[in-house]
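Structure incoming, see below.
The values are calculated or read from the model by the stated rules, or taken from the named source; none is laboratory data. Just so we're clear, the structure is a prediction, and the values are computed from it rather than from any experiment. Here the Cβ is made from the backbone with ideal geometry for all residues, glycine too, and neighbour counts use every protein chain on show. For accessibility, only protein heavy atoms count, side chains too; no ligands or nucleic acids. Shrake-Rupley method; radii C 1.70, N 1.55, O 1.52, S 1.80 Å.
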Amino acid sequence: GTLPKVPEVSFQEGSLLKAEWERITQDPSSKINGFNQSKYAAPSPQGPNASKPEAWQQAIHAAQANLEHTVVRSANVELMQTYGVNAWRAYNSTLEDTNALYKNELDRKKTEIVDINRKRMAAQLTIEHKIQRLEDEYRQAVHKNLRLEAICFQMEKEKGGSQAQQ
């Protein structure tokens, strides 16, 4: 039989899919010509070879090889239907689990980074106050030393003047 007519499809204007679809639908040489069964055929010897037993042996051998190949392909399809889907599901599940582990690890690391930055900032603020306090103490000590030097200088001057009067 023939296949039903392809339903009308619409693609986004300017898309590659639209251009390819138009090329395929307008070019008769790009159409699919159906299922090619010639590679599965087991032709019998023709013409003068039809009466030679060797030609028939070769034809039988080719048909047996073709049958064996078809049996193997069929078995592969059955195995794929039975185990292939489950194998892919298991593999995808493993990938999803691994992805979840990496996301959790990433979230944990981000949280650690935020905690470290908060502790660093708190330490810097604490140190900032301590440094300001120490700078204030230093300025006060310098100011006190300057006053003491001025007093000492004044006392030496007064002492020097009193000795000169005597």
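Pick from segment 92-104 the residues that are among the hydroxyl-bearing types (Ser, Thr, Tyr) and modelled with pLDDT of 95 or more: which of them is least open to solvent (accessible area, probe 1.4 Å)?
Keep residues of segment 92-104 that are among the hydroxyl-bearing types (Ser, Thr, Tyr), which gives 93-94, 98, 102.
Among the residues that remain, those that are also modelled with pLDDT of 95 or more are: 98, 102.
On the way: Thr98: 54, Tyr102: 157 Å².
Among them, the one singled out is Thr98.
Right, another one. Taking segment 74-129, which residues are among the small types (Gly, Ala, Ser) and under 30 Å from Tyr40 (Cβ atoms)? Don't jump to the end; show me each part of the working.
Within segment 74-129, the first condition is being among the small types (Gly, Ala, Ser), and the residues that meet it are 74-75, 84, 87, 90, 93, 100, 122-123.
Answer for segment 74-129, where residues must be among the small types (Gly, Ala, Ser) and under 30 Å from Tyr40 (Cβ atoms): Ser74, Ala75, Gly84, Ala87.
Is it true that some residue in segment 11-32 is under 43 Å from the mean Cα position of the chain (by Cα), of a type outside the set (Ser, Thr, Tyr), in a loop (DSSP other than H, G, I, E, B) and on the phi > 0 side of the Ramachandran plot?
To start, the set of residues in segment 11-32 that are under 43 Å from the mean Cα position of the chain (by Cα) comprises 11-32.
Still in the running and of a type outside the set (Ser, Thr, Tyr): 11-14, 16-24, 26-28, 31-32.
Now drop any that are not in a loop (DSSP other than H, G, I, E, B), which leaves 11-14, 27, 31-32.
Filter once more, so that each one left must be on the phi > 0 side of the Ramachandran plot: 14.
Scanning segment 11-32, I find at least one residue that is under 43 Å from the mean Cα position of the chain (by Cα), of a type outside the set (Ser, Thr, Tyr), in a loop (DSSP other than H, G, I, E, B) and on the phi > 0 side of the Ramachandran plot, so the answer is yes.
Quick one: is Pro45 more than 40 Å from the chain's Cα centre (by Cα) and open to solvent by less than 60 Å² (accessible area, probe 1.4 Å)? Even if it seems obvious, please write down each step before you answer.
Working: more than 40 Å from the chain's Cα centre (by Cα): yes; open to solvent by less than 60 Å² (accessible area, probe 1.4 Å): yes.
It is true that Pro45 is more than 40 Å from the chain's Cα centre (by Cα) and open to solvent by less than 60 Å² (accessible area, probe 1.4 Å).
Could you please tell me which pairs satisfy a Cβ distance under 8 Å, a separation of 6+ or placement on different chains, a first residue in segment 20-36 that is within 20 Å of Thr2 (Cα to Cα) and modelled with pLDDT of 75 or more, and a second residue that is among the aliphatic types (A, V, I, L, M) and open to solvent by 100 Å² or more (accessible area, probe 1.4 Å)?
none
Next up: Looking at (1) within 28 Å of the chain's Cα centre (by Cα); (2) open to solvent by less than 100 Å² (accessible area, probe 1.4 Å), can you tell me which one Asp136 breaks?
Going through (1) within 28 Å of the chain's Cα centre (by Cα); (2) open to solvent by less than 100 Å² (accessible area, probe 1.4 Å) one by one, Asp136 breaks only (1).
Tell me which residues, restricted to segment 105-116, are open to solvent by less than 100 Å² (accessible area, probe 1.4 Å) and not hydroxyl-bearing (Ser, Thr, Tyr). Explain how you work it out, then say what you get.
Filtering segment 105-116 down to residues open to solvent by less than 100 Å² (accessible area, probe 1.4 Å) leaves 105-107, 109, 111-115.
Result: Glu105, Leu106, Asp107, Lys109, Glu112, Ile113, Val114, Asp115.
Filter segment 48-65 for residues that are open to solvent by less than 60 Å² (accessible area, probe 1.4 Å) and at pLDDT below 85 and give the result.
Ala50
Continuing with the same structure: Assess whether Ala63 counts as being out of contact with any Cys (no Cβ under 9 Å at 6 or more places or on another chain) and part of a helix (DSSP H, G or I). Let's see the steps before the verdict.
Details: out of contact with any Cys (no Cβ under 9 Å at 6 or more places or on another chain): yes; part of a helix (DSSP H, G or I): yes.
It is true that Ala63 is out of contact with any Cys (no Cβ under 9 Å at 6 or more places or on another chain) and part of a helix (DSSP H, G or I).
Could you pull out the residue among Arg73, Arg89 that is closer than 30 Å to Pro4 by Cβ, open to solvent by 100 Å² or more (accessible area, probe 1.4 Å) and in a helix (DSSP H, G or I)? Even if it seems obvious, please write down each step before you answer.
On the way: Arg89 fails: closer than 30 Å to Pro4 by Cβ.
Going through Arg73, Arg89 in turn, just one is closer than 30 Å to Pro4 by Cβ, open to solvent by 100 Å² or more (accessible area, probe 1.4 Å) and in a helix (DSSP H, G or I): Arg73.
Residues being among the small types (Gly, Ala, Ser) and open to solvent by 90 Å² or more (accessible area, probe 1.4 Å): count how many of those fall in segment 10-27.
1
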